[in-house]
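Take a look at the structure below.
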Amino acid sequence: MTKPNGTAAPASAPANAQAPASAERAPRMLFEKVPLSTKLVVIIFVLLFTGTGTITFAIRQMVSGYLIDRLDNQLQSQAQMVVNNIDKFSQQDPTNSLGMTNYFIQIRDSNNEIKILRDASGNMAAATSIPKLKYDIVSTPLLPVSGSSGNVSLGTVFTTPAYVELPDSLRSVSSDKLTNEQREVIANANASWRVAALRWVDDTNGQYGVLYIGLSMGDQMSTVQTITEYCLMVGVAIVVLGVSIGSLVVSHTLKPLKRIEKTAAKIAAGDLSQRVPAMPENTEVGSLSASLNAMLYRIESSFHEQEATTEKMKRFVSDASHELRTPLAAIHGYAELYKMQREYPGALERADEAIGHIEKSSTRMTVLVEDLLSLARLDEGRGIDLTQQVNLTSIVSDATEDLHALDPDRVIGTGRVTLSAVLPQGAPENARKVPCLAFTAGNLPDIHLTGDTSRLRQVITNIIGNVHRYTPGDSAVQVAMGTLTASITPNTLGRMPSTDASLSRFIEAVQVAQGTQTGHDYAVVQVVDHGPGVPADKRSQVFERFYTADPSRAREKGGTGLGLSIAQSVTKAHKGLICATETPGGGLTFTIVLPLGTVSEPPADRTQPMKTKKSGWSLGKKAAAQQPQAPAQGEVVPAPAASAASSANRTAQPRQAGPGGDTSAPITPLS
């Protein structure tokens, strides 16, 4: 391909540019494919090999330097002795080295030529003393030729190679036929020499010259070689032992990771109940195991919640379809019936009857749709105003009046909710008492809070409506209210499920607050009936949408099955708790806990009773002074004069003392 100007375009430039990048990534990818255990073992091997090699080299250099320094000192000492006795040495037989059989000595004159000496017989010989080795092997240092000083500096010690002369008996023998001793002697003979060059002066005749004295380094090199071999053997043993132990330690340390890998594989296969074995959290693997277990717990919980939500959604769609189909089918049926009978005599009366049934079905469907719309708005956080000042006592009192109007023969008792300790049902007298919310007969206390008045009225009305529909008309009902301080935040309370365990946790928080004298203030409303109740396995479902105890969903007693669902949504929107528990002796108890928006704190003076901070919408001091005093537990207090006539029949019987003479009745024992 060419450019318009005729030059070639670099079409392959991007491909060539990518080639080096791919070449750089290839070793990295290869390294990443190596297992972690192999990497760790290789690192251990490299570290041990490098460490032992460095130590061996350091020992070799240190010993070699020490031996050379020692050899140099020995040479300097012997050279000085020869210089001091140069006149006697010059008069001796050249073969006699004054007992210095291991030293090479050579005397040169002022012209750097080897001095010639005469022995007693008149024979002339070079002034050189050569050490004697076994097998007549001769080893001498390589020195400058006679008459030349070369690069040698006087007064210094230098290293020079050896010149070895083998006898004819060894020169013609191959190296593999030599004995070990012969090889060792030849190796020592080939060792370098340390030579010292000094200036000598003979005061008797005024002559001077250069003295060369040398000592073979064979012994020193043999010692260094032996130490090096020993260090290498020890180093190899350390490397082998270290790598073996390191492999075992790495394998043992990575076993939890292998277990984590197997657990992850089982989880990937669908078994979400698997957990990583617990390890001490102060270790990296233990911390990872704890984090993974926490993550797996959340994943499993989310998965189960999703399954439950999906199942609820399926059931909700099915129930909603059924609930809507029933009134629609009725409307369609009565419309068809009207069409079929309008030509017959008496059609007008039958038309009125059909229109009445159609109106009844449409009204039921309208209520159902309105309840569904309310739930949808509550789920979205709409349709509720949490800024209103609510007189909770008035709402509960009005609901009690409505229940009395619906069931004139029903005995309705009012009172206060307190925390008390009672014996569990069927337990011996010496058994440990458990804390519970107890009912104390009396007037309803005056309680105000911030919330949505109409929505809270709907909550109480729905509960009272359930009591009216699903309990006998002559069964007793207790309605109680009270304020309690608990060491639990409204946000936490609002997220708790509507179960017995949640109520037990709230009671425990009330006990903690009584000990610490601090916590959040809550209003507690309880509606206790003594009807047929709900089985324990079905009690957690009463707040589900369209739940009904009748599988046929006949709705003979009215209702859409959404009342308690709306009550739960409203309560949670107020960051409160609603739950249904079993009434001791049979029946169902609804407990509603709503935050008052105040916080109780311990008094500055511990000797004074605890004071509770009043909310801004509470009654003033003047109004509070006009209110009747709260009755003590077990005390019978007459109803106010204004309502005595209307409530005499409703409150007289519940306020009578029980078999034990106590009007306090346990409502919700702590499980």
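The values are calculated or read from the model by the stated rules, or taken from the named source; none is laboratory data. Because the structure is predicted, anything quoted here is derived from the model rather than measured. Glycine also receives a Cβ, built like all others from the backbone with ideal geometry; neighbour counts cover every protein chain displayed.
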Which one of these is surrounded by 20 or more Cβ atoms within 10 Å (Cβ to Cβ) and modelled with pLDDT under 90: Ala427, Ala399, Ala438, Ala431? Ala438
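I'd like to know if the stretch 410-429 contains one or more residues that are among the polar types (S, T, N, Q), out of contact with any Cys (no Cβ under 6 Å at 6 or more places or on another chain) and either without any contact (Cβ under 8 Å) to a residue 40 or more places away in the chain or under 18 Å from Ser569 (Cα atoms) (or both).
Taking the stretch 410-429 first, the residues among the polar types (S, T, N, Q) are 414, 418, 420, 425.
Applying the additional criterion that residues be out of contact with any Cys (no Cβ under 6 Å at 6 or more places or on another chain) yields 414, 418, 420, 425.
Among the residues that remain, those that are also either without any contact (Cβ under 8 Å) to a residue 40 or more places away in the chain or under 18 Å from Ser569 (Cα atoms) (or both) are: none.
No, the stretch 410-429 has no match at all.
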Any idea which of Val528, Val542, Val459 is farther than 15 Å from Gly587 by Cβ, in the same structural domain as Thr589 (by TED's automatic domain parsing) and either out of contact with any Asp or Glu (no Cβ under 9 Å at 6 or more places or on another chain) or modelled with pLDDT under 90 (or both)? Val459
Would you be able to say whether some residue in the stretch 380-394 is surrounded by 12 or more Cβ atoms within 10 Å (Cβ to Cβ), under 19 Å from Val477 (Cβ atoms) and touching a residue at least 12 places away in the same chain (Cβ under 8 Å)? yes
Report yes if Ile130 is modelled with pLDDT under 85 and either farther than 14 Å from Val210 by Cα or not assigned by TED's automatic domain parsing to the domain that holds Thr204 (or both), otherwise no. yes
Can you work out which of the residues in the stretch 17-76 that are farther than 25 Å from Glu261 by Cβ and of a type in the set (Asp, Glu) is modelled with the lowest pLDDT? Glu24
Residue hits (the stretch 402-414; surrounded by fewer than 15 Cβ atoms within 10 Å (Cβ to Cβ) and not charged (D, E, K, R)) are Ala405, Leu406, Pro408
